[in-house]
Each structure stands twice: as C-alpha cells, then as structure tokens.
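What follows is a short report on a single structure.
The values are calculated or read from the model by the stated rules, or taken from the named source; none is laboratory data. Source: prediction; values computed, not measured. All Cβ positions, even for glycine, are placed from backbone atoms using ideal geometry, and neighbour counts span all protein chains on display. Side chains included, ligands, DNA and RNA excluded: accessible areas come from the protein's heavy atoms. Shrake-Rupley method; radii C 1.70, N 1.55, O 1.52, S 1.80 Å.
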Amino acid sequence: MMQSVRIVEMGPRDGLQNERGEVPTEIKVALIERLADAGLPAVEATAFVSPKWVPQMADHTEVLERIRRKPGVSYPVLTPNLKGFEAARAAGATEVAIFGAASEAFSQKNINCSIAESLERFRPVAHAAKASGVRVRGYVSCVLGCPYEGDVKAERVADVAAALYEMGCYEVSLGDTIGTGTPGKTKAMIEACAKRVPMEKLAGHYHDTYGQALANIYASLETGVRTFDASVAGLGGCPYAAGASGNVATEDVVYMLNGLGVRTGVDLERLVEIGRWICGVLGREPSSKVNKAFKKK
C-alpha cells in the first residue's frame, strides 16, 4: 500500500446540508476552520445551489467569504451549473465540484435531468473554470447501487467518470451514495473506471449504511486509490436515498490508516474533539465508533 493518503473532508457541506434546523453561519465557519487546523488538506465548504432545494446552504456566499483560509488547504464548493459557478467565483472560490450520477433514475430525482443532460450542464462550468484558473473536481453518485434502480453496472460508472475527467476534472470521486457496496463490488467498479481514468485521478466516497465503508476503503487502497472523502463524526445522509447514513466518519478512517502506517497529516485527537463539538451543537451523538470509544476512555 502507499505511504500517504489524502482525505477530503465532507462535513461542512455533505454533512450539514440535510439538517432540518438551521445551522448558524458562524458555526459552519468555525467547523471549516477547525477541520483545516486539524490537518485536513481539503475541506468542502458549502454548495452554491438554490436555497429552495437546499435551504441549509443558503448562506454559501457568507460562509466562503468569512472563512479564514489556511495556506495549503483547499476549500472546494459544489456548483451544479454556470449560475452557481459564477456566484462561487464572485465569493472567492478557487476550486469547485460538479456532480453526476451513474443511475438515470437517481439523476432525475436529484437534479431533474438525465445523465447525458447533466453532463451537458457541466461543460460550461468546466470551460469557465478552466478560463478562470479554477480547479474542478467531479463526483459520480450511486456507483455501487441506486435506491430506485438497484445494482448499477460498473461500465456505466466508468462512462460517467470518463466524461467528467475528459471535461477537465482533475479528480473524480466515486460515491456509494446509499452505502450498499461491498469490497468485491468496490474493486470491480474501480478497476472498470481505471480503464478509462488514471488510477491516481480517482477517489473513493463511501457511505456507511451497511457498515461496509471502511472495508470498501481498504479494498480501494489495495487497488491503488489514494484519496478518500469522509465526514467528521459521520454526519450526513442523502435526501434522495431514504435510510442512507452519512459518509464514513473521518475519525474512523484516520484511525484505520494510522494503524496501517499510512500518513494522513490529520491530528486524530483534535478531530475527535471537533466531532464531539459539532454533534453537541446539533444535539446528537457522533456516529463515529472511534469517537465513541475515545469518549469511554
């Protein structure tokens, strides 16, 4: 296995976007800054989407303008269309993310268009980003299963990943949105994608609904993936996938990687403290098993 892994923190965006109660802007800003100070090299800050569809992200401009940016840390923001990109750019974004799906049904439910139509929407964003010197990261949802279609063919995932890469995405994150994937399926999916996109340009994004996220990360490590998305305290879920839990907890990922001798640059104790703090604000317990274990010490 490789000696180091890059973790992209999803908590402030993917973790908070489905919270029913409004999370104050100052809390979001503090969360982003604390995560960066804990050593995370990338913290997804917010999403420039319609407040009508994602009201929790309505303060996206204020969040991005207020955060204290740490040198060497990237703060990507979600921009599903050119309008979102332009607003993000005006707020100072230096990295954006676009997201497609490997499932036609999920694409319709999530962004109200087909996979092909979604890719066409992203082309102007990718073109404008390139012209502005802004990096673009791509996401593919439902790579290991869809709540509406069931199993998703690895070749279809590879098609979408390749389209995003060819569009100019420096990296494509492969998302098990509903958390049904297992290590064998994960390896097969990654191997199919690696035939179309260089392995070093692929990332893993695994939800832990069925308790398989860490196993899937380990399987991904064995195939050569070295970037993974995670969410502090396991925050999050998917509004279009009933029952899906949050992204794998960052604390659990760091603990496992530490045990493998893989460098992340993340301070685990500080991360645990951040997880407890944000869960206290939200009025819940962390989903992270490592966080729970530290609490019992």
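Restricted to helices (runs of 4 or more DSSP H) entirely inside segment 109-224, those with at least 3 residues that are of a type in the set (S, T, N, Q) and either under 25 Å from V290 (Cβ atoms) or at pLDDT below 95 (or both) are 213-223.
Of the residues screened, K201 is not one that is basic (K, R) and farther than 21 Å from A162 by Cα.
Inspect all residues belonging to segment 73-82 and state whether any of them is open to solvent by 30 Å² or more (accessible area, probe 1.4 Å) and out of contact with any His (no Cβ under 7 Å at 6 or more places or on another chain). First the steps, then the outcome.
As a first pass, look at segment 73-82 and keep what is open to solvent by 30 Å² or more (accessible area, probe 1.4 Å): 81-82.
Add one more test, that the residue is out of contact with any His (no Cβ under 7 Å at 6 or more places or on another chain), and what stays is 81-82.
Among the residues of segment 73-82, at least one is open to solvent by 30 Å² or more (accessible area, probe 1.4 Å) and out of contact with any His (no Cβ under 7 Å at 6 or more places or on another chain), which makes the answer yes.
Of all positions in segment 112-131, none carries a residue that is among the polar types (S, T, N, Q), in contact (Cβ under 8 Å) with a residue 24 or more places away in the chain and buried (at least 18 other Cβ atoms within 10 Å of the Cβ). Count of segment 142-152 residues, restricted to those that are buried (at least 21 other Cβ atoms within 10 Å of the Cβ) and in contact with a helix residue (DSSP H, G or I) (Cβ under 6 Å, 6 or more places away or on another chain), is 4.
State which residue is surrounded by the most Cβ atoms within 10 Å (Cβ to Cβ) when the search covers only segment 262-297 and only residues that are in contact (Cβ under 8 Å) with a residue 24 or more places away in the chain and assigned to a loop (DSSP other than H, G, I, E, B). Residue satisfying both the conditions and the ranking: S288.
State whether the residues of segment 175-188 include one that is aliphatic (A, V, I, L, M) and surrounded by fewer than 23 Cβ atoms within 10 Å (Cβ to Cβ). Yes, segment 175-188 has at least one match.
Would you mind stating whether E22 is charged (D, E, K, R) and in contact with a Pro (Cβ under 9 Å, 6 or more places away or on another chain)?
Yes.
Looking only at segment 14-35, residues that are under 9 Å from Q56 (Cα atoms) and under 17 Å from the mean Cα position of the chain (by Cα) come to 4 in all.
Comparison of L40, L31 shows that the only residue that is open to solvent by less than 10 Å² (accessible area, probe 1.4 Å) and assigned to a loop (DSSP other than H, G, I, E, B) is L40. A search for C-beta distances below 7 Å between a residue of segment 81-92 that is aliphatic (A, V, I, L, M) and any residue that is open to solvent by 40 Å² or more (accessible area, probe 1.4 Å) and in a helix (DSSP H, G or I), counting only pairs 6+ apart in sequence or on different chains, returns L82/P124; A87/T61; A91/T61; A91/E65.
Restricting segment 189-227 to residues that are farther than 15 Å from C142 by Cβ and in contact (Cβ under 8 Å) with a residue 60 or more places away in the chain leaves a set whose member that is surrounded by the fewest Cβ atoms within 10 Å (Cβ to Cβ) is E222. For segment 1-28, filtered to residues that are part of a loop (DSSP other than H, G, I, E, B) and among the β-branched types (V, I, T), the residue that is surrounded by the most Cβ atoms within 10 Å (Cβ to Cβ) is V5.
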